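Encoded as structure tokens, the structure appears first; notes follow it.
Read-outs: derived from the displayed coordinates by stated rules, not from any lab. A quick note: this is a predicted structure, and the numbers were derived from the prediction, not measured. In this analysis, Cβ positions are derived from the backbone assuming ideal geometry, glycine residues included, and neighbour counts consider all displayed protein chains.
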């Protein structure tokens, strides 16, 4: 099993950066146990009748753990529990294999299976399909990676990345377009191996997987777009403000679908769109989106584009964390079209004192709004005046909602 640490309830989002550092330290601390002759030496085979005996030998008398035989995600709870006796779960897995149904990938070292990674179309795992925290984000055909198992003799030897690379290569060979997984973001306390059977977030991150949904703070849903897709958030500037540039989110959704993008979700009337695109060239994608919107709507809309992972990092940086929260304060983030042209000494206050710029970082500013005389300041012209750059602004709650999508 992959080794992890237990996440404190509700703390995963804002502690993601710290979690990454902790995992890095864990990996470094365990690096002395790595065996160079194993790393990079695994070969990979899909489970079949020809290697069934290797699979059985790897899982042993306990069926990996508690007579699971990797059927936990495939069965209803009652069926799974009943299958723990009289080889019920083992026989169900064998039947899948005999019927040539995809089940998973074995990692082979010196003719012996030493690792297992479950892999099959998402619909083969009802427990995932019915999961509240791992809801489908689109109708794309995805293959799920719900669990891992590594022979006890070979654990803590740096094999996680090898296994994921093997799965990615297999997916590429079989023309599987999207891989999806449900790893753990650990915190401080070490967990027994069975508690991290879904894998560690950082292993997936290092292998190139990106977060596509985070309903659960410490159980994100991640994807690897074998076809080259990447997930983005488009922030549209100045739509649905004061009766100008009015566009319904249903119409926006239609435009993005018509343009060939996938995984589309619109959020709040201010114009925020999550979507997948087959490019990592931000400038080209931004220009493409603006041209499409101009053609469809008949007027120009400036698009501020961020990779979804950048939005997550913004949320986790949260400079408002140390600000005492009360009903007379609101929090905003402003995104600039480029790096701010003016050098500004912080904090900066508006003339009325109802706005305070707490932090400017890269192409974004974090702004505190205070209620004065019954009104809150809104950082429109103020933010552009102090930075000399065009910008669009969102309430901090919008960023939080995007991260949880």
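Label-to-label distance, residue 283 versus residue 132, with points set 7 angstrom from Cα along the beta-carbon direction: 4.7 nm. With the simple model of a label 7 Å out from the Cα in the direction of the Cβ, residue 51 to residue 248 spans 5.3 nm. Taking the fewest neighbouring Cβ atoms within 10 Å as the starting point, the ordered list for 80, 378, 149, 256 is 378, 80, 256, 149.
I need 314, 367, 268 ordered by Cβ neighbour count within 10 Å, fewest first. Don't jump to the answer; show the numbers that get you there.
On the way: 314 20, 367 28, 268 14.
With the sparsest Cβ surroundings first, the list reads 268, 314, 367.
Return 282, 57, 134 ranked ascending by Cβ neighbour count within 10 Å, so the fewest neighbours appear first.
Details: 282 15, 57 11, 134 23.
Ascending Cβ contact count within 10 Å gives the list 57, 282, 134.
When only alpha carbons are used to place a centre, the range 204-246 and the range 167-184 end up 19 Å from one another.
Can you figure out the FRET efficiency of residue 91 with residue 345, using R₀ = 60 Å and their beta-carbon distance, to the nearest 0.05? Walk me through the numbers before you get to the answer.
Values: r = 71 Å, r/R0 = 1.18.
The calculated FRET efficiency here is 0.25.
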